Amino acid sequence: MYVWGILKRSHKCEDMASKIKKLNVLVVGGGGREHALTWAISKSRNCGELYCAPGNGGIADVAICINIAAEDLRGLVEFALNNAIDLVVVGPEGPLVAGLVDRLEEKGIKAFGPGAKAAMLEGSKGLTKDLCRKYNIPTADYARFDKCDAAKEYVRIKGAPVVIKADGLAAGKGVILCRNENEAYAAIDHIMTELAFGEAGAEIVIEDFLSGEEISFFALVDGEHAIPLVAAQDHKAAFDGDEGPNTGGMGAYSPAPVVDESMVATIMETIIAPTIKGMKAEKMPYKGVLFAGLMLTDDGPQLIEYNCRFGDPECQTLIMRLESDMLDVLLAATDGKLKKVSLKWRDETALTVVMATQGYPDKYQKGSEIRCIPAAEGLDGVMVFHASTRRNGDAIIANGGRVLGVTALAPSAAEAQKLAYQAVSKIDWPEGFNRTDIGWRAINLAKS
Ligand code: AMP
C-alpha cells in the first residue's frame, strides 16, 4: 500500500520505486525483542514478505508467524531456502552460538548476527575476559578455573567481595555476587559441583567486584567498522525499589542520562573498537549487534560482559527512538557497509514497563486472557510489544513469564514514565503484575 502511494505521486517516484528490490525477511525468535524488530522492519520501504519463527500473538499483527522453533537450525535454513528469503535476522543468542548464521551463509543466504565463533563473546565469559586482557580492554581483574579446589584457593588469597560466573550460557542466571569468602565457596560448589547451570558451569570465571552505575551499550558491527547505537538502562529486580529476585528485565529506558556524547566516544574508543580489532585479529570477525554490559566506575567504563544480540527489553526502547530505516541499517551491517551509515534518533525518552505473569520469575501459570491491549495502544506515543503471548481466535493469551512490554515515547523520562503507566492501567489482566517505578533513577537524576 505504501509503494502504491509513492507510485501515485509522480513518474519520477515510480521509476525509483520500481528499482527498489523488496527484500523477503525472516526474523528468528518469539519475544519482545523480536516483536520490536519485526515491527520496525515491517515499516521499511524495502520490506517484502516478512516472516517470524516462531513469533507470538503480537508479532502476528506485523509478520507471518511460522511454526519453527528458534533452535531448529535445519528447519530454519530449509524455510529460508524454500521461501526466497533475502535476509535472516537472528534475535536470541541460542541459535547464534549454535551456528545458525554460518549455516545460512553456507547456503548463500544473508544473515544478521555473528557466526558461531564470534558469538562466543557471549557463549564463553572466559574467552571474552582473555580477549580483554590481550587487547587492553578495561574490565575487572579475573582468573579462570576448571577445578573447584584451585578456584577456592584463589578466593582464599584474593578475599571478597568477588563475582563468580559460569563460563557458558546459563539463560542470564550464571552469575553470583559474593559478599564474603563463605558465599564464594558455596557459589563455586553450586556452579561446579552441583552443576546448577549444567555444563555451562564446568568452567568458571572469578572476577573482582566493580562498583558504579550500570548501563547497556549497543553498537552495530560489520566485521570491521562499528557505529554506536544508543545506551539504555534496565531494571533486573522483580519488585519496586530494585528489590526481589533477579529477572530477565522488568523494564528499561533510553537514553541513559549518565551516558553523554563524550562517554559514548570513550566507550567506542576504549572498549568497542579494540574488541572489533581483536576479534578480527583472532580470525573471528564480529558482525551483528554487540551489546556491552558496562559499569561506569571511578576509573572509567569497564566491561562486565558482552552479549551477541539485542537486549530485551532494551531493544524495545532503542527501536522506539530509531528514526532511520531499520531494514537498511541491518542490511548495511550484514553487507559490511556500516562505514557509510549515520543513524537518526529521536531525542525523546522511550520507556518500557514489562508486565509479567504473577509468580514470575519463580513458578507461574500460563493461559490467562489479557484484554484491552488496543486501548493502551490507542494512546499517542505508546506501543505494546508482546514478549510471550499466543492467540486464541481474537483473544490474547499469556504464554510465559514476561508477557508484554508497554513502551512509551515522550519528551522526558518523567513524561515517558507517566504515559507508560497510563497505558498499563488500560490493560485488563488480573493475573499479571508490573513494577510501578521503572525509570526512577533517570527521573531522580533529572530532578537533581
Ligand atoms: P552478567 O551476566 O555478567 O552481566 O552479570 C549479571 C549481573 O551481575 C550484571 O548485570 C551486574 O549487575 C552483576 N555483575 C556481573 N559482574 C560484576 C562485577 N564484576 N562487579 C559487579 N557486578 C557484577
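The values are calculated or read from the model by the stated rules, or taken from the named source; none is laboratory data. Given the structure is predicted, the values throughout are model-derived calculations rather than measurements. Using ideal geometry, Cβ is built from the backbone for each residue, glycine included, and neighbour counts are taken over all protein chains shown. Note: accessible area is taken over every heavy atom of the protein model, side chains too, but ligands, DNA and RNA are not part of it. Shrake-Rupley method; radii C 1.70, N 1.55, O 1.52, S 1.80 Å.
Miscellaneous remarks
- Here Ala150 meets the list (1) over 25 Å from Leu331 (Cβ atoms); (2) open to solvent by 60 Å² or more (accessible area, probe 1.4 Å); (3) free of Cβ contacts under 8 Å to residues at least 12 places away in the same chain almost entirely, failing just condition (2).
- In region 132-158, the qualifying residues are those that are of a type in the set (Gly, Ala, Ser) and more than 14 Å from the ligand (Cβ to nearest atom), and the one that is farthest from Thr275 (Cα to Cα) is Ala150.
- Any hit, region 70-79, residues being in a loop (DSSP other than H, G, I, E, B), at pLDDT 95 or above, open to solvent by 30 Å² or more (accessible area, probe 1.4 Å) and in contact with a helix residue (DSSP H, G or I) (Cβ under 6 Å, 6 or more places away or on another chain): yes
- For beta carbons closer than 7 Å, sequence separation of 6+ or different chains, a first residue in region 36-49 that is in a loop (DSSP other than H, G, I, E, B) and a second that is open to solvent by less than 10 Å² (accessible area, probe 1.4 Å), the qualifying pairs are Ser44/Leu327; Asn46/Leu327.
- Test: residue in region 352-359 that is assigned to a helix (DSSP H, G or I) and either more than 16 Å from the ligand (Cβ to nearest atom) or surrounded by fewer than 19 Cβ atoms within 10 Å (Cβ to Cβ) (or both): no
- Filtered by the rule that a residue be basic (Lys, Arg) and farther than 13 Å from Glu305 by Cα, region 145-172 gives Lys147, Lys152, Arg156, Lys158.
- Once region 360-377 is narrowed to residues that are in contact (Cβ under 8 Å) with a residue 40 or more places away in the chain and in a loop (DSSP other than H, G, I, E, B), the residue that is least open to solvent (accessible area, probe 1.4 Å) is Ser368.
- Remark: Val155 matches the filter, which requires a residue to be buried (at least 18 other Cβ atoms within 10 Å of the Cβ), in a helix (DSSP H, G or I) and of a type outside the set (Lys, Arg).
- Count of residues meeting criterion [within 16 Å of the ligand (Cβ to nearest atom) and either open to solvent by 50 Å² or more (accessible area, probe 1.4 Å) or among the aromatic types (Phe, Trp, Tyr) (or both)] in region 167-202: 11
- Single unsatisfied condition, Ile304 versus (1) within 15 Å of the ligand (Cβ to nearest atom); (2) of a type in the set (Val, Ile, Thr); (3) in a helix (DSSP H, G or I): (3)
- Filter result (within 17 Å of the chain's Cα centre (by Cα) and either part of a loop (DSSP other than H, G, I, E, B) or hydroxyl-bearing (Ser, Thr, Tyr) (or both)) within region 80-102: Gly91, Pro92
- Taking the listed residues Ala170, Ala160, the one that is within 24 Å of Gly123 (Cβ to Cβ) and either among the small types (Gly, Ala, Ser) or modelled with pLDDT under 90 (or both) is Ala170, with no other qualifying.
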